[in-house]
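Here the structure is laid out as structure tokens; the discussion comes afterwards.
The values are calculated or read from the model by the stated rules, or taken from the named source; none is laboratory data. Because the structure is predicted, anything quoted here is derived from the model rather than measured. Cβ atoms come from the backbone with ideal geometry, glycine included; neighbour counts cover every protein chain shown. In case anyone asks, the SASA skips ligands and DNA or RNA and just uses the protein heavy atoms, side chains included. Shrake-Rupley method; radii C 1.70, N 1.55, O 1.52, S 1.80 Å.
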Amino acid sequence: MSLVAALRTQDVRLTGTISLAHGVSHFLQLAIPPLFPLLYKDFDVSWTALGFMTTLFFIASSTSQFLVGFAVDRIGARPVLIAGLFLLAGGTLACAMAPNLIVLYVLAVLMGVGNGTFHPCDFAVLNANIKEHHLGYAYAVHGAVGTVGFALAPVTSLALAVHFSWQFSLMVMGGIGLLVLALVISQQQLLNSERAHKIVSEKGAAKPAASWWQMVTVMCFLFFVLQTFAGNGISFSTPSILNESFSLTLKLAAIAVATYSSAGVVGVLVGGVIATHTSHHTRVAAGGLIVAALLASSIFFITSSPWLLLTCFALIGFSIGAIGPSRDMLVRSVAPRGAAGRVYGFVYSGMDIGAALAPLLFGKLLDHQAGQSAYMVIAFVLMLTVLTVIRVRRPTTL
């Protein structure tokens, strides 16, 4: 019994460490976008120019993520994860001292490279060490902590900026990232995870590279592009859209994003239980997306009621969060052994592409005084996402 207890404790520490790193990646992704209304005034630039900084971040992240997947299959997850955390946290800290938008653009690229390490590393470690019948729970914790990062970021970022300055806000958030980096470095069990994953990779190394490239993988990729485009339209652009286009306060806008993300945490945890006890992951994902689309289309009509608005954001967050573990189980089902890193790197790079496109479109809408149509666009994209997820089927052999 003592051995079983020890193993369970190690699994908890492993999942907790990986999930915390994931949470910090989401926390720092959303460190700067809530500050756009302040940067807009300080740097005297357009909304599109500010959105382009986020686009650069996610283009770099997408490119990095795809390449990192191959690196993880070859050298293991731990060194790659540590390097990514350093770039993301250090870059956030450096942004606090940026004198102009051009410097922020350069730092955004470096931060994006760091951000691209997390999904290939995280899922490689979890898949190599957590038993299959517990993976639904591990994915739920991983996703929930990431969503907590999204929930805390806008509130933390804006609160510090309003009471002190946007520079101080980024210094604090970057410092938090460096503290988590020190924690990850101190956790030696990740060394074992790295070796375990390398063994798995070596067993599958003889398979041709084309074995991971199949239509179902492309469908997963498109699923992530579209879902993230819609989700980031809410997470990243809501403060600017509600403030600029609906004349709501920045405080209420930040609360709306935090409500969306907080409800997403609950949704991910519930989704973990669902994913563990059902094999119908496609139905779960499609159902959650349809509900979220219907709710998003109603935001345009309810902005006059703060409580109704916050309730709607909460329900959207819950719906999207609940599909997360089932989504991750679908991706795992199409990843051939020995090619998990590159599959996760390719598929999850779709998240970065969707995130890169979203700020450009929503920035354009704001520049052309059409921000009120943003949530209709989000609803439409969520419905398109349903068409991709229903094409995902578990291969007969892996």
What pairs come out if I take residues in region 136-165 that are closer than 18 Å to Ala314 by Cα and open to solvent by 40 Å² or more (accessible area, probe 1.4 Å) and pair them with residues that are outside any loop (DSSP other than H, G, I, E, B) and aliphatic (A, V, I, L, M) whose C-beta lies under 7 Å away, six or more apart or interchain?
Val145/Leu20; Val148/Val265; Val155/Ala254; Val155/Ala258
Return yes or no: is Leu107 of a type outside the set (Asp, Glu), open to solvent by less than 50 Å² (accessible area, probe 1.4 Å), free of Cβ contacts under 8 Å to residues at least 24 places away in the same chain and part of a helix (DSSP H, G or I)?
yes
Residue check: is Ala89 touching a Ser or Thr at 6+ places or on another chain (Cβ under 9 Å) and not acidic (Asp, Glu)?
no
Name the residue, out of Val270, Val225, Val218, Val200, that is open to solvent by 30 Å² or more (accessible area, probe 1.4 Å), modelled with pLDDT of 85 or more and among the hydrophobic types (A, V, I, L, M, F, W, C).
Val270
Criterion (within 18 Å of the chain's Cα centre (by Cα) and either buried (at least 24 other Cβ atoms within 10 Å of the Cβ) or more than 24 Å from Ser61 (Cβ to Cβ) (or both)) met by exactly one of Gly287, Gly324
Gly324
In region 229-277, what count of residues is obtained for those that are assigned to a loop (DSSP other than H, G, I, E, B) and in contact (Cβ under 8 Å) with a residue 12 or more places away in the chain?
5
For region 293-300, state whether one or more residues are open to solvent by less than 10 Å² (accessible area, probe 1.4 Å) and touching a Ser or Thr at 6+ places or on another chain (Cβ under 6 Å).
no
Report yes if some residue within region 78-97 is among the polar types (S, T, N, Q) and open to solvent by 10 Å² or more (accessible area, probe 1.4 Å); otherwise report no.
no
Out of everything in region 34-72 that is among the small types (Gly, Ala, Ser) and farther than 12 Å from Asp352 by Cβ, what residue ends up being surrounded by the most Cβ atoms within 10 Å (Cβ to Cβ)?
Gly69
Odd one out for Ala31, checked against (1) open to solvent by less than 20 Å² (accessible area, probe 1.4 Å); (2) part of a helix (DSSP H, G or I):
(2)
Cβ pairs under 6 Å, 6+ apart, first in region 215-228 and farther than 15 Å from Thr282 by Cβ, second open to solvent by 40 Å² or more (accessible area, probe 1.4 Å) and in a helix (DSSP H, G or I):
Val225/Ile353; Leu226/Leu384
One residue is enough: does region 80-103 have a residue meeting the conditions within 26 Å of Gly143 (Cβ to Cβ), at pLDDT below 90 and within 17 Å of the chain's Cα centre (by Cα)?
yes
Given the structure, is Leu85 closer than 14 Å to Tyr348 by Cβ, outside any loop (DSSP other than H, G, I, E, B) and in contact with a helix residue (DSSP H, G or I) (Cβ under 8 Å, 6 or more places away or on another chain)?
no
So which of Phe301, Phe346, Phe318 ends up being farther than 15 Å from Phe223 by Cα and touching a Gly at 6+ places or on another chain (Cβ under 8 Å)?
Phe318
Just to be sure, is Thr238 under 18 Å from the mean Cα position of the chain (by Cα), modelled with pLDDT of 85 or more and among the β-branched types (Val, Ile, Thr)?
no
Tell me, please, whether a residue that is more than 29 Å from Ala128 (Cα to Cα), open to solvent by less than 30 Å² (accessible area, probe 1.4 Å) and modelled with pLDDT of 75 or more can be found in region 336-355.
no
